[in-house]
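The values are calculated or read from the model by the stated rules, or taken from the named source; none is laboratory data. Remember, it's a predicted structure, so these values are computed and weren't measured experimentally. Heads up, the Cβs are rebuilt from the backbone with ideal geometry, glycines too, and the neighbour counts pull from every protein chain shown.
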Amino acid sequence: MLNALSEGYASIGLVPRLGTGVPFTARSTEFAQLRTALDRARGGTGTAVLVSGDAGVGKSRLLTEFTAEAEAAGVHVLLGRCVSVGEAGLPYLPFKEVVEQLRRLRPDLVDARPALSGLIGRTASTASRSGEENDLGQLQLFDAMFTVLAELSDDAPVVLAIEDLHWSDASSRDLLSFLISRLSGQRLLVVATYRSDDLHRQHPLRPLLAELVRLPAVERLDLAPFAPADALAFVESLADGGTDAELLADVAARSEGNAFFAEELVAASATGSAAGIPTALADVLLARVETLSQAAQRVAGAISVTGRRHVRHAAVRTVVDLPDDELDAALREALQHHILVTDDQGGYTFRHALLREAVYADLLPGERVRLHAAYARRIVELKQDELSGALAYHSLRSNDLPAALAASVKAADDAMRVGALAAELRHVEQALELWPAVDDAKAHAGIDELALTRKAAYVAGAAGHPERALAYAQAALVLGDHDPDPVTRADVRRQLTETLLATNRWTEAGQTIDDAWALVEPEPPSRTRAWVLALRARTRVGTEAELSRSSAEQAIADARASGSVSAESDALITLAFDDLRSGAVEDACALFEQARQNAIRVGAANVELRASFNLVTTRYEQGLLDDAVAIADAGVARAVELGVTWSMYGLELRWLGAMVHYAHGSWDEALAGASPPGEQVSDTITALLAASAAIIKVGRGRFAEAQRDLARIRQEWHRDSQIAQLSGVAGIEMAGWQGRHDDAVRFADEAIASMRKGDDDRWPLGSIRLAVLALGSLADVARRARLEHHAEAEAAAVAEGQRFGELARLTAQRGIPRTDQLGPEGLAWLARLDAEESRLAGGTDPAPWRAVVEAFGYGEVYPVALGRWRLAEALIATGDRDAATAELAAALETADRLGAEPLAAGVRDLARRAHLALPGAALPASGLLTPRELAVLELVARGYTNRKVGEELFISEKTVSVHLSRVMTKLGAASRTEAVSIAHQRGLLADAG
């Protein structure tokens, strides 16, 4: 049957349409979406569209058609392409292409910005870094790119297109995220394409996509395979007049709606080579390639080895042993058969990346080695430093391990200079893997194994992989102990201590730094000795105050004697905690600021961020939220600028900044700060950010998202007590809003137990908030039980609530605050504890809730609004309806501004039940029934008795009876049940009961 079909294909004229374009079919809807997005950009609303689809489904073709139309209409089109994994060592590659285009279009804009010129090799880079000190200019590059695009859009709308995002390197993803997150009033449209079928669970693009799709400027365009009718129409257009319906239908069906699959099936059948072709894509692609001459196949194989999408003619000529005329003929043949296409710079590329992959996979092992070796030799001859990543790749694939080792070390240095930490780590790790396989590795690498391992530990920590950093630091300890110099052995332990602190292993850190101190105690002052003392002081903060202080003071003396400003600054931060404990908060903040400024002066990034973190924490605990927000934002920006966003204190600033914005009432900024990282980082980082975001999602009623996030990170609670605390807050609040009060209690107990870590003497102050939230949920249970006259349920809820109340008070008494006493936030939660206990007992006194509003009035926006809601409830119960209306109106205004849908719904529901009119919250009306009658009927539909309805609506049982009689008369019903039935039939009841 297959042979018969193959002969049939040839007979109906299914041949490659050489020299013509592939037909553009059945994409009108998707094209219209892109046009609409461009229209918004023309109108000054920056927009981004993420185009996804399976490999070969037509993403590139859609983008090509769209950009061609846009360019014809006077739009500036900039196109960057990501490369396959073989060249993942080239950071920012798609944006390098964009900058080259920008330079041709507007050289003045590029030349005026050294960060952009440096990206394309137009200016020299002088960035350097040693040890933990870091001075990278990543933020300047990001800002320059965004500013140039914005300025260019002043002339004409701009379309920035990034293709094959699934191959993007971490640095490019970071830059893309930066650009899209800042879209607002620019005439800029960003379009990025990626393969959805390539995104396995651990794919580094997944977190970025999850972050981007939440941004208001971003929309998705999922390019689905052709429907059967469209697939058939596409194949018919490729057939160029063929009429055999059976054969056309066979091709369409086998393509499964994938345009590239269909095109390749048609092309492969042109010479009768379709016989026996399986449906697997690789085989279809290779069948197409096998129609070429041997010379053309050799050329295609040579180009496939580069891993790059564009290969210059000179490179091909170097590695392919053919006379120039034969090489030209082979290239021309591959171009005519649409295996290769040319770019506007005279380079060659495969028409589709999958085609390159298939060709590469079909090469014999010996062919691959030979071709990789040839490319490696060419790179060496070119002497271009930026190609060290490519040299490492080709050297490794050609089994030249010494060259691969040397190039990997060089590529790591190159990545460091442009702030590409992920690439730097990958190259360092590759060098370490190669080390045992290379004779005299130190001579080839230009660095010894201990230094390289310590570098891996540092870069892994800075790149957001603290567990990997710890593994490398432990490996360095083994290597370092072979060194006879005690200072070197101590310094290795100093680095290990820092990685242990980053993974919350304080006990081990203390033991390790004590071992380091034993080694350097007899030694004269030095930078290492100063740092050992500074860390010894840090590990004793809060546990051994005298030892901490004496070690810090000695560290400062050693640091000044040896000139280590960074160690002195770190010790100053630790000394500041003594001032905090004595109540001298401003003196402590002065020390934090002094340390920060000193660290900035010498480029000690980690020390600078530690100082900023403690400044934010202190101002937050003081209730100075404006100051805390400003310092947090500046600290996060500095972490980005220095390239250490996911280092220990870079992360601490990120999540704390999100929480400060949450408290401040800037929830959009909070969500942005807690957004997932755009690159693969440790589970701890991902979980901490997800827990931070979950609180905001719950506040906005995005319960399904929050539930998924909380379930996913539940197993990570042990990594950091903050993960457990933040998850607990989100989980309790969500369960309370949803009426799952048993789950709220369970969440509180589990989170508190996780934070205490089985230590009965451990009283983390965050437990106060968790206990109060759980008590509030139980107060709801007790209230409902009272309405239903369920005394046993009420007593049980009250008893459970009292347990949490006692726990909160014990924690306040026994917990150790950073300062000499609880700050405004802690006192505010104790005020809410009093109010929730009053509500638990059935009290209606407004005073405790007035105290809550006042206590949180230092700047905590959301708790104030929630307190006003509860205050209004108490005021209604006491008959002060005017005051209740004012409180509800204020609460609703805040809830609407924050997007706090559950709270807004609660406020509106209370206003409806109490028959209070709020601005912008019109009371429901049916036309036939009054709002009060409708409210009564809704509760009757839920099965409430007249008495229970009266308690819910704050009216007497007799008044309920009167309203219900009027409802039955208006509806012509003879009973309560019939009235509910008729109301449902007429659509008067929104709640089906």
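Of everything in the stretch 332-363 that's within 28 Å of Asp197 (Cβ to Cβ) and part of a loop (DSSP other than H, G, I, E, B), which residue is modelled with the lowest pLDDT?
It comes out as His352.
Buried (at least 24 other Cβ atoms within 10 Å of the Cβ), out of contact with any Asp or Glu (no Cβ under 9 Å at 6 or more places or on another chain) and modelled with pLDDT under 90: which single residue out of Val644, Val681 fits that description?
Step by step, each of Val644, Val681 is checked, and only Val644 is buried (at least 24 other Cβ atoms within 10 Å of the Cβ), out of contact with any Asp or Glu (no Cβ under 9 Å at 6 or more places or on another chain) and modelled with pLDDT under 90.
Can you find a residue that is at pLDDT below 85 and of a type in the set (Val, Ile, Thr) anywhere in the stretch 890-904?
no
Hey, can you tell me all the residues within the stretch 391-431 that are part of a helix (DSSP H, G or I) and surrounded by fewer than 21 Cβ atoms within 10 Å (Cβ to Cβ)?
Within the stretch 391-431, Leu396, Arg397, Leu401, Pro402, Lys410, Asp413, Arg417, Glu429 qualify.
What are the pairs, 6+ residues apart or on separate chains, where a residue within the stretch 468-494 that is on the phi > 0 side of the Ramachandran plot has its Cβ under 9 Å from a residue that is surrounded by 21 or more Cβ atoms within 10 Å (Cβ to Cβ) and part of a helix (DSSP H, G or I)?
none
Looking only at the stretch 305-331, which residues are of a type outside the set (A, V, I, L, M) and in contact with a strand residue (DSSP E or B) (Cβ under 9 Å, 6 or more places away or on another chain)?
Residues satisfying the conditions are Arg308, Arg309, His310, Arg312, His313.
Among all residue pairs at least 6 apart or on different chains, which show Cβ distances below 6 Å where the first residue, located in the stretch 176-199, is touching a residue at least 24 places away in the same chain (Cβ under 8 Å) and surrounded by fewer than 23 Cβ atoms within 10 Å (Cβ to Cβ) and the second is outside any helix (DSSP H, G or I) and acidic (Asp, Glu)?
Asp197/Asp54
Which of the following residues is modelled with pLDDT under 75, hydrophobic (A, V, I, L, M, F, W, C) and touching a Phe, Trp or Tyr at 6+ places or on another chain (Cβ under 8 Å): Ala282, Ala252, Ala267?
Ala252
Specify the residue that is nearest to Gly736 (Cα to Cα); the eligible residues are those in the stretch 869-923 that are in a helix (DSSP H, G or I) and acidic (Asp, Glu).
Glu901
Tell me whether the stretch 529-545 contains one or more residues that are of a type in the set (D, E, K, R), surrounded by fewer than 24 Cβ atoms within 10 Å (Cβ to Cβ) and under 39 Å from the mean Cα position of the chain (by Cα).
Yes, there is a match, as at least one residue in the stretch 529-545 is of a type in the set (D, E, K, R), surrounded by fewer than 24 Cβ atoms within 10 Å (Cβ to Cβ) and under 39 Å from the mean Cα position of the chain (by Cα).
Among Ile713, Ile685, Ile696, which is the only one that is under 28 Å from Pro824 (Cβ atoms) and among the aliphatic types (A, V, I, L, M)?
Ile696
In this structure, is Ala672 at pLDDT below 90 and closer than 26 Å to Leu139 by Cβ?
Here the answer is yes, as Ala672 does meet what is asked.
Residue under question is Ala552, and the condition is that it be over 16 Å from Val487 (Cα atoms), outside any loop (DSSP other than H, G, I, E, B) and in contact with a Ser or Thr (Cβ under 6 Å, 6 or more places away or on another chain); does it hold?
yes
Yes/no per residue for (1) closer than 18 Å to Arg397 by Cα; (2) touching a Ser or Thr at 6+ places or on another chain (Cβ under 7 Å); (3) at pLDDT 85 or above:
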{"site": "Arg298", "(1), (2), (3)": "no, no, yes"}
{"site": "Gly301", "(1), (2), (3)": "yes, no, yes"}
{"site": "Gly307", "(1), (2), (3)": "yes, yes, no"}
{"site": "Arg312", "(1), (2), (3)": "no, no, no"}
{"site": "Pro323", "(1), (2), (3)": "no, no, yes"}
{"site": "Leu327", "(1), (2), (3)": "no, no, yes"}
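When the stretch 306-322 is examined, which residues are found to be closer than 17 Å to Glu381 by Cβ and touching a residue at least 40 places away in the same chain (Cβ under 8 Å)?
The answer is Thr306, Ala315, Thr318, Val319.
For the stretch 707-733, which residues satisfy the criterion of being assigned to a helix (DSSP H, G or I) and charged (D, E, K, R)?
Result: Arg708, Asp709, Arg712, Arg714, Glu716, Arg719, Glu733.
Which ones in the stretch 942-959 are hydrophobic (A, V, I, L, M, F, W, C) and either surrounded by fewer than 20 Cβ atoms within 10 Å (Cβ to Cβ) or assigned to a loop (DSSP other than H, G, I, E, B) (or both)?
Phe954, Ile955
Only residues that are in contact with a Ser or Thr (Cβ under 9 Å, 6 or more places away or on another chain) and crowded, with 19+ Cβ neighbours inside 10 Å: list them for the stretch 580-599, please.
Leu580, Val585, Ala588, Cys589, Phe592, Ala595, Arg596, Asn598, Ala599
Do the conditions hold for Ala704, that is, is it assigned to a helix (DSSP H, G or I), of a type in the set (Gly, Ala, Ser) and farther than 20 Å from Leu773 by Cα?
yes
Of these, Glu508, Glu467, Glu498, Glu523, which one is surrounded by fewer than 19 Cβ atoms within 10 Å (Cβ to Cβ) and either of a type in the set (Ser, Thr, Tyr) or under 25 Å from Val565 (Cα atoms) (or both)?
Glu523
If Thr453 passes every condition in (1) surrounded by fewer than 20 Cβ atoms within 10 Å (Cβ to Cβ); (2) in a helix (DSSP H, G or I) but one, which one does it miss?
Only one criterion in (1) surrounded by fewer than 20 Cβ atoms within 10 Å (Cβ to Cβ); (2) in a helix (DSSP H, G or I) is unmet by Thr453, namely (1).
Look at Gly80 and say whether it is within 16 Å of Leu188 (Cα to Cα) and surrounded by fewer than 17 Cβ atoms within 10 Å (Cβ to Cβ).
no
With the condition kept exactly as written, say whether any residue in the stretch 784-794 is crowded, with 17+ Cβ neighbours inside 10 Å and either at pLDDT 95 or above or in contact with a Pro (Cβ under 9 Å, 6 or more places away or on another chain) (or both).
No: the stretch 784-794 contains no residue that is crowded, with 17+ Cβ neighbours inside 10 Å and either at pLDDT 95 or above or in contact with a Pro (Cβ under 9 Å, 6 or more places away or on another chain) (or both).
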